[in-house]
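A.B. asks: Pasting a structure here, questions to come.
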Amino acid sequence: MSNGDIFVGETIGTAILILFGTGVCAAVTLRYSKARASGWVVIAFGWGFGVLAGAYTAAPLSGGHLNPAVTLGIAVDTGQWGKLWVYLLGQLVGAMLGAGLCYLTYLAQFQANVRTTGTTEGTAEEPVPTLGIFATIPEIRNPVANLVTEIIATVGLVLPILAFGLTEGLGESGTQVLIVSLLVVGVGL
């Protein structure tokens with residue numbers, strides 16, 4: 001794979017992943033969305049479908065890593081570090097592009113995402129929180145516990161992905177991407 005193919009594949013695939021993932025978070029979060037408050041299961045499946053669409057799109061060009069932890073895990077496993085920077089750069093650009101496309105898609109929803117609250121001086125409009133659309137927020141803020149949780153989840157994602165790569169015929173059949181997508185749903189749940 002050439003550096004150009006890797007960069008383009010990772011950029012497009014990661015953009016699709018982030019568009020679907022942040023899109024489902026926006027749909028569940030924003031005040032006037034028809035999917036408002038539809039829950040965690042919807043979010044987990046939305047991210048899983050984002051992996052499915054992004055990885056199938058990127059796979060012919062770059063292999064469809066779409067995640068720096070996956071790319072790093074593959075580099076550690078194979079000892080091939082030469083193209084790591086190309087993957088990471090494509091993923092970074094793709095993530096920014098996907099987040100920007102999500103914001104544009106839901107622009108009217110973001111603009112209308114206010115609630116009216118009563119104050120001693122009448123009513124005031126305040127925005128409904130939206131940070132969770134583009135970032136994860138722990139329910140209990142404990143940096144050590146939060147770090148341990150992220151490490152466990154990352155290992156729970158990367159080790160099976162590496163194992164799937166060792167399963168003969170799985171990658172060639174295209175089934176590997178589907179299984180990884182379901183793994184993402186499982187990690188999310």
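The values are calculated or read from the model by the stated rules, or taken from the named source; none is laboratory data. Given the structure is predicted, the values throughout are model-derived calculations rather than measurements. Note: ideal-geometry Cβ built from the backbone for every residue, glycine included; neighbour counts use all protein chains shown. Just so you know, the surface numbers come from the protein's heavy atoms only, side chains and all, with ligands and any DNA or RNA stripped out. Shrake-Rupley method; radii C 1.70, N 1.55, O 1.52, S 1.80 Å.
A.B. asks: Given DSSP loops and a limit of at most 11 other Cβ atoms within 10 Å, what is the longest stretch of the chain that contains no such trypsin sites (Lys or Arg not before Pro)?
C.D. replies: Result for the longest clean stretch: 35-140.
A.B. asks: Quick one: grab Rg to one decimal and Dmax as a whole number for region 15-125, Cα atoms only, in Å.
C.D. replies: 18.4, 65
A.B. asks: Let me ask something else. Kindly provide the helix-only [θ] at 222 nm of the chain, computed as the sum of -39,500 (n - 2.57) over DSSP H runs of four or more divided by all residues, to the nearest 500 deg cm²/dmol?
C.D. replies: Taken over the chain, the calculation gives -23000 deg cm²/dmol.
A.B. asks: Determine, for each peptide in 92-100, 149-157, the mean count of other beta carbons within 10 angstrom over its residues, then list the peptides with the highest first.
C.D. replies: 92-100, 149-157
A.B. asks: Give the angle, between 0 and 90 degrees and rounded to the nearest 10, that separates the Cα long axis of helix 40-62 from the longest principal axis of the Cα atoms of the chain.
C.D. replies: So the helix axis and the longest Cα principal axis differ by about 40 degrees.
A.B. asks: On a 0 to 90° scale, report how tilted helix 143-166 is relative to the longest principal axis of the chain, with both axes built from alpha carbons and the result rounded to the nearest 10.
C.D. replies: 40
A.B. asks: Same structure, new question: Quick one: accessible surface of Cys25, probe radius 1.4 Å, all protein chains present, in square angstrom to the nearest 10.
C.D. replies: Rounded to the nearest 10, that gives 10 Å².
A.B. asks: Moving on. Can you give me the angle between helix 175-188 and the longest principal axis of the chain, using Cα atoms only, in degrees from 0 to 90, rounded to the nearest 10?
C.D. replies: 40
A.B. asks: I've got another one for you. Mind giving me the nanometre distance, one decimal, between the label points for Glu150 and Lys83, set 7 Å out from Cα along Cα→Cβ?
C.D. replies: 2.8
A.B. asks: Can you compute the FRET efficiency between Ile140 and Asp5 using 1/(1 + (r/R0)^6), with r the Cβ-Cβ distance and R0 = 35 Å? Round to the nearest 0.05.
C.D. replies: So the FRET efficiency works out to roughly 0.25.
A.B. asks: Between Gln111 and Leu162, what's the calculated FRET efficiency when r is the beta-carbon distance and R0 is 35 Å? Round to 0.05.
C.D. replies: 0.20
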